[in-house]
Amino acid sequence: EINKLKQFEIIFRRAFSSRLIPEKILKNLGINHIRGLMLYGPAGTGKTLIARQIGKILNCEEPKIVNGPSLLSKYQGESEENVRKLFADAIADTQNKKLHLIICDEFDALAKKRGNSSNDINDKIVNQFLSMIDGPQSLNNILLICMTNRKDLLDDAIMRPGRLEVQIEITLPDEKGRFDILTIH
């Protein structure tokens, strides 16, 4: 079990440290920024709070915070359009001047394993996310932070390197953590 300090160390080392190095050096080394971060664990462990704090730490555009099911629509093609709209500002920023942060809660509602249902809307949404994160015109100016308490439901392709490759389990606090919470409140 990883304590909270260790979790923040992993987040900083994997997701932020490459953003401190000048872009020219990164290109010469062939390094791309981490584009996706997955926070998973039981409900009520502070995943959303951690994602919001990451948004405050980074020098980025105003984060787009969405609840996964809110992107779903009953109309043909509108769910995929809602996903594209999330990335529209990052696509428009052709100079990569700012980091664009997208925080998506309840991600398991959007990225369920493909091919398991007769309704292919889920497959189309997963494909749209894959295309936006790691497609032909992959963006290097985004950080997508997704949260779920059902990681087992997610499509394997969304979790591979170059997509949501940094995956951190946010567990319930231990005895000392609970005492600290009570002390704060």
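The values are calculated or read from the model by the stated rules, or taken from the named source; none is laboratory data. Since the structure is predicted, the reported quantities are computational estimates derived from the model, not experimental observations. Glycine also receives a Cβ, built like all others from the backbone with ideal geometry; neighbour counts cover every protein chain displayed. Only protein heavy atoms, including side chains, enter the accessible area calculation; ligands, DNA and RNA are left aside. Shrake-Rupley method; radii C 1.70, N 1.55, O 1.52, S 1.80 Å.
Rolling a 1.4 Å probe over the protein chains gives residue 66 an accessible area of about 30 Å². When the C-alpha to C-alpha distance is required to be over 22 Å, the pairs from 24/85; 47/112; 47/151; 6/97; 27/85 that qualify are 24/85; 6/97; 27/85. These residues, 179, 129, go from largest to smallest accessible area, 1.4 Å probe, as 179, 129. Taking Cβ atoms as reference points and 12 Å as the exclusive limit, the residues near residue 129 contribute a net charge of +2, counting Lys and Arg as +1 and Asp and Glu as -1. Judged by the mean number of other Cβ atoms found within 10 Å, the most tightly packed of the peptides 21-30, 35-44 leads the ranking 35-44, 21-30. Our estimate of slack between residue 167 and residue 32, defined as 0.36 nm per intervening residue step minus the Cα-Cα distance, is 46.9 nm.
When the residues 94, 148 are ordered by accessible surface, computed with a 1.4 Å probe over the protein chains alone, the sequence from largest down reads 94, 148. Full extension of the chain between residue 14 and residue 184 gives 58.3 nm of extra length, using 0.36 nm per residue less the Cα-Cα distance. According to the calculation over all Cα-Cα pairs in the chain, the P(r) per 5 Å bin from zero is 1, 8, 16, 20, 20, 15, 10, 6, 3, 1, 0 %.
If you roll a 1.4 angstrom probe over the protein chains with everything in place, what fraction of the accessible area of the chain belongs to carbon and sulfur, to the nearest %? Please list the in-between numbers first.
Details: 5610 of 10700 Å².
Summing carbon and sulfur atoms, their accessible area is 52 percent of the total for the chain.
Among 147, 132, the order of accessible area from largest down is 132, 147, computed with a 1.4 Å probe on protein heavy atoms. Among the aspartates and glutamates, select those whose C-alpha is under 17 Å from the C-alpha of residue 98, and discard any that sit fewer than 8 residues away in the same chain. Qualifying aspartates and glutamates at Cα under 17 Å: 23, 61, 62, 89. On the basis of the beta-carbon distance and an R0 of 35 Å, residue 81 and residue 43 show a calculated FRET efficiency of 0.75. Protein heavy-atom accessible surface, 1.4 Å probe, per residue over the range 41-185: 56 Å².
Counting helices only, and only those DSSP H runs with n ≥ 4, report the 222 nm mean residue ellipticity of the chain as the sum of -39,500 (n - 2.57) divided by its residues, in deg cm²/dmol to the nearest 500. Walk me through the intermediate numbers first.
Details: 6 runs with 65 residues, N = 185.
Taken over the chain, the calculation gives -10500 deg cm²/dmol.
With contacts taken as Cα pairs under 8 Å and at least 6 residues apart, the chain reaches a relative contact order of 34 percent.
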